[in-house]
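Visitor: The structure is given below, and queries will be raised subsequently.
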Amino acid sequence: MTPVHQPVEPSVLQGMSVLALAHVGDAVYELLVRTYLARQGGAKVSDLHRRTVAHVSAPAQAKAAERLQPLLTEEERHIYRRGRNARVHGVPGGCTVAEYHAATALEALFGQLWLTGQAARIEALFAHIMEDEEEDHAS
């Protein structure tokens, strides 16, 4: 997959906060989920929305982050830890503080990968998440 943008310069990336990475990663992750669900076809828009929300909620993202841990490189683990340890301003209802921190970490990781032009790595990690979820639902 060819990136639709130029990767961010390392000096610019180093100046970004981990929450800025998570901000980008949130959009990247949601777009991946929406695309995945739309490709399955046959669903009404209201069903697509409901299923998207179920995948991008903090508890779901925390589970996804847990599934990825064995696959992460040392650099990816570093970004993940930074995201997990970020100082967030409030936690939405429906999730625990730990789930919210894990979700923020996952988003920071996807944001970093997107901004550095690592589309193939994003696809590989996302595919692993969805394969595990499909196995969980089949059981």
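The values are calculated or read from the model by the stated rules, or taken from the named source; none is laboratory data. All values reported here derive from a predicted model rather than from experimental measurement. Note: ideal-geometry Cβ built from the backbone for every residue, glycine included; neighbour counts use all protein chains shown. Ligands, DNA and RNA are excluded from the accessible area calculation, which covers all protein heavy atoms including side chains. Shrake-Rupley method; radii C 1.70, N 1.55, O 1.52, S 1.80 Å.
Visitor: Identify, among GLY42, ALA124, VAL12, the residue whose Cα sits farthest towards the positive end of the charge dipole of the chain, taking +1 on the Cβ of Lys and Arg and -1 on the Cβ of Asp and Glu, with the dipole about the Cα centre.
Guide: In the chain, that residue is VAL12.
Visitor: Oh, and also: Would you work out the charge dipole size for the chain about its Cα centre, treating the Cβ of every Lys and Arg as +1 and the Cβ of every Asp and Glu as -1, and quote it to the nearest 20 debye?
Guide: My answer is approximately 360 debye.
Visitor: Looking at (1) 15.4; (2) 14.8; (3) 15.8, which value of Kirkwood radius over Cα pairs in Å comes from a calculation on the structure shown?
Guide: Correct label, based on the coordinates given: (1).
Visitor: With r defined as the distance between the Cβ atoms of GLN69 and ALA120 and R0 fixed at 30 Å, what FRET efficiency is calculated, to the nearest 0.05?
Guide: 0.90
Visitor: Test of understanding: in a Gaussian network model of the chain with alpha carbons linked when under 10 Å, which of HIS78, HIS89, HIS128 would top the mean-square fluctuation ranking?
Guide: Of HIS78, HIS89, HIS128, the Gaussian network model singles out HIS89 as fluctuating most.
Visitor: Also, quick follow-up: Calculate what fraction, in whole %, of the accessible area of the chain sits on carbon and sulfur atoms when a 1.4 Å probe is rolled over the protein chains.
Guide: 55
Visitor: Could I have the simple spin-label model distance between MET16 and ASP47, label points 7 Å from Cα toward Cβ, reported in nm to one decimal?
Guide: Each label point is offset 7 Å from its Cα along the Cβ direction, giving 3.6 nm.
Visitor: Please give me the summed charge of the neighbours of VAL18: other residues whose Cβ is under 12 Å from its Cβ, Lys and Arg +1, Asp and Glu -1.
Guide: +3
Visitor: What order do HIS23, HIS49 take when sorted by accessible area (1.4 Å probe), most exposed first?
Guide: Per-residue accessible area, sorted high to low, gives HIS23, HIS49.
Visitor: With r defined as the distance between the Cβ atoms of GLN40 and VAL91 and R0 fixed at 41 Å, what FRET efficiency is calculated, to the nearest 0.05?
Guide: Numbers: r = 31 Å, r/R0 = 0.76.
Plugging the Cβ-Cβ distance into 1/(1 + (r/R0)^6) gives 0.85.
Visitor: Then there is this: Quickly estimate the mean residue ellipticity at 222 nm for the chain, helices only: each DSSP H run with n ≥ 4 gives -39500 (n - 2.57), and the total goes over all residues, rounded to 500.
Guide: After summing the helix terms and dividing by the residues of the chain, the value is -23500 deg cm²/dmol.
Visitor: Counting only heavy atoms of protein chains, what accessible area per residue, in Å², does region 1-106 have with a probe of 1.4 Å?
Guide: Spelled out: the 1.4 Å probe surface of region 1-106, per residue, equals 62 Å².
Visitor: Still on this structure, I have one more. Relative contact order of the chain, please, whole-number percent, based on alpha carbon pairs below 8 angstrom and at least 6 residues apart.
Guide: Working: 150 pairs, mean separation 56.7, N = 139.
It comes to 41 percent, rounded to a whole number.
Visitor: What angle, in degrees between 0 and 90 and rounded to the nearest 10, separates the Cα long axis of helix 18-40 from the longest principal axis of the Cα atoms of the chain?
Guide: 30
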